[in-house]
Structure formats: structure tokens, C-alpha cells
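Read the figures in this text as sums done on the coordinates, not as results from a lab. Values in this document were obtained by computation on a predicted structure and should not be read as measured data. Glycine gets a Cβ as well: all are built from the backbone with ideal geometry, and neighbour counts include every protein chain shown.
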Amino acid sequence: MRIELINTGSELLLGFTVNAHLNYIARKLGEIGLRLERQVTVGDARAELHSCIAEALARCDAVIVTGGLGPTADDMTRDVVAELLGRKLVRDETVAAAIAERFKRRGIVGMPESVNVQSLVPVGARVLSNRKGTAPGLAIEHNDKLVVLLPGPPRELKPIFEEFVLPMLRQRHGVSAPFDCRTFKVVGLPESIVEEKVAPALADIRDVELGYCARPGEVEVRVISNLKSSADEAEKRIRGALGDHIFGTGEERLEEVVVRELIAARKTIVTAESCTGGMIANRITNVSGSSEVFLNGWVTYSNESKMNQLGVRAESLKQFGAVSEEVAREMAESARTRSGADFAISATGIAGPTGGTPEKPVGLVFIGMATLQRTVVQRHTLVFDRETFKFFVSQHALDMVRRELLGGRG
């Protein structure tokens, strides 16, 4: 089955918005044994959008279009598709009522008339209910082809895609030979080293497609096979080659793994952060269920706050400096003692681009972890922009906790 994806929106081409739809939709299709043939991004230009959809319909069995279903002038996907397929747009009263009810629940008085354009539906289209927004998805059968229109915001698109589109594709075309796609999330190793370890281990396994993707602070290893036995063997060898550098699979995030393991171990955690400005705590608390394990966090950016809130000794700051192993150790130990938590993580460093010295260059960071049994401090030099630096520090910090929970001494 040939499927093409068209992502609309000038903000994607201008770089103001990251196009996350390709990654998500491609992965979800892969779960039912389907692959995208092609992906195109087009701006808010009527003629270009018309041309893209017409060309895709001439080539493939199904076209998925994201974005352009809203109430503003640059939202033209619905109109273009109706015109292209020769379908009249008619008002769907159920959709109109749902839009009005949503505005009422939010306490918004005087709903703009322009919003009602989202209740216009091409004749014969199936309405795909949107519980997270006002614009519904639409599915249209046309000359044995399927056209699916989805709202642009990911929080709206994803539930519609999983509830309606995936079952529709399964029912319509079935999957005679699904492929097995497995992704392993790796931390603590660069992409080149990951390949050195994995590629030789899988060299003699046929029917396996192997790929890598480097992301900030982690590497994804992906294997695809039409044979479950080959995928099983590949997974066994990958796990053997990478060991506890693998922190998860699929779309798991490191913070999700850490929170899950803390809950399972019935352990609690606190943070004491300087250079990361609360990012470690933010990542932990972004995970549902983190209230079971996260007690509190300190952001002690100045020397005074380190002393006043955490009890870091003035002598340590004077002798070793705020960015030092000694201060990171004191921050972690004091945070754990004051909170009574099982784990405390600290971070102090120089995010840059200014503030470095020959002895302590930009990118230098000390990450401390204190438990009842011991305190360890890691030193890293992470030369990135400030935001990336903070993420890498948080990644190292979370991995320290994960490894401790595994019983390691990394």
C-alpha cells in the first residue's frame, strides 16, 4: 500500500515550528506494517497545496494531510480538497454543536463567527471527532483512494490518528506481511561508538535493516525485519553489545524510565540545581506519577543561595569555587539530608558562552548524586549552546540515578 504524507503550514518552511508529524505518523504506520512512500511540506499557498495533493493522489493509495483546518484565512486545506475532489462543503450540525459547547465550557463569551467554518464538511466525508480541539479530522473515499485530513496541533492530531486513522487503514487494506520495527534508546555513548559495537554483532543476520539516529544526549538504534525470528536475534545481540547503556525502547524518555524505576523501588528524589536552572526537576515532574517520588527541588544560582538554602560552606566556595567537585558534593548531600529523600542530584557548571577561564572552561560541569550509602560526583565538559548544555547535564544526571537503581557504580 502506497501512502504519502503532506504537512502544510508556512511556519514549518520558515523554521518557526518543528515538523514532528513525520516522525510520529511514520512510526505509527510502521507498527501496522506500513511505510510512507513520500513526505512533502508545503506552505500556505493554495495553488501549491492543490498541486501537491493532486500529484500524491495520482501516485498512491492514501494521502494524509496535516494542518490547515482551522478558522483563519491561511487555513485552506478543507477548501482545496473539496474543490479538487469535486465535493460541496456542507455544515455538519454535530460538529457545530461540539464547537459551541467547547467554547461554553471554556467560559468564552461571543464565539467568533469565523470559527464555524470548521463545521464545514465535504459531502460524503467521514468526520473524525476531535476531543482536544475544534477542528475535526476528515476521511474521504475518492476513486478507490483515501484522503485523510488531520488538524495540525500534535495534541489534537495524535488521538484522532490512533483512534480513527490506524483502524481505518487496517480495515481497508489489512497487513499481509507486517514488518517488525524495534528501537533501542542508548545513553552514555556517541553514535560512532554505538555503531562500532552493534554493526559487527549483526553482520551475519540476514533480513535485518539497521539504522542509527543521534539525538541530544542519546542515540537510537533501529532494527527492521519482516521476520520476527531475525528481529528477536538482532535484539538479543544489540542488548548484549550495549548492555546497560540501553535505557529504554520505542519512544521512552529517560525521565520516564527513572520515575518508573523510582516508583518500583519505592525511593524518593530531590534536586539541587545551579547551571541547569531547574531543568532536571522539570523533566522529572513532566512525567505522570512523579508526585510519588519527587519531593522538592532547589534552584540555587547564586553563591548566597547555595549557602543560605543548602548550607554550602563559604570556605568551600572561596577555596574551590562554585563550579567544583566539592560544592557539587555539598549541594547533593545537603539536599538529601534536609529533605530526607533517598536520592539527591546536584549540578553546578559554566553554561557559557561567557564566564569560562583557562582552569575552568565554558562547558565544565560537576554533577553530584547523594544516597544514604554514598555520594559520587561526575565531571564533564559539554561544549554546546546554553540550552543544549542544560539538557545534556540533565541527561547525565538522570542516567546517574538510573544506573544506581540498576545496582551499578557508573
For n ≥ 4 DSSP H runs only, could you compute -39500 (n - 2.57) per run for the chain, divide by its residues and tell me the 222 nm figure to the nearest 500? -12000 deg cm²/dmol
Determine the percent antiparallel among the DSSP beta bridges restricted to the chain, to the nearest 5. 60
When the Cα centres of the range 233-282 and the range 311-329 are compared, how far apart do they sit, in Å? 28
Are there any helices in the chain, counted as whole DSSP H runs, that stretch 27 Å or more along their axis by Cα and score at least -1.0 on average by Kyte-Doolittle, and if so which? 386-406
Per principal axis, descending, Cα span of the chain in whole Å: 78, 63, 42
State whether the range 126-273 is rounded, prolate or oblate according to the following rule on the C-alpha gyration tensor (a ≥ b ≥ c being the square roots of its eigenvalues): a/c under 1.5 gives rounded; otherwise a/b larger than b/c gives prolate, and the remaining case gives oblate. oblate
Using the number of other C-beta atoms within 10 angstrom as an exposure proxy, rank D232, D144 with the fewest first. D144, D232
Going down the table (K185/K306; K197/K390; K318/K360; K197/K236; K185/K390), which pairs top 25 Å between alpha carbons? K185/K306; K197/K390
Given 89-97, 63-71, 183-191, the highest-first ranking by average Cβ count within 10 Å works out to 63-71, 183-191, 89-97
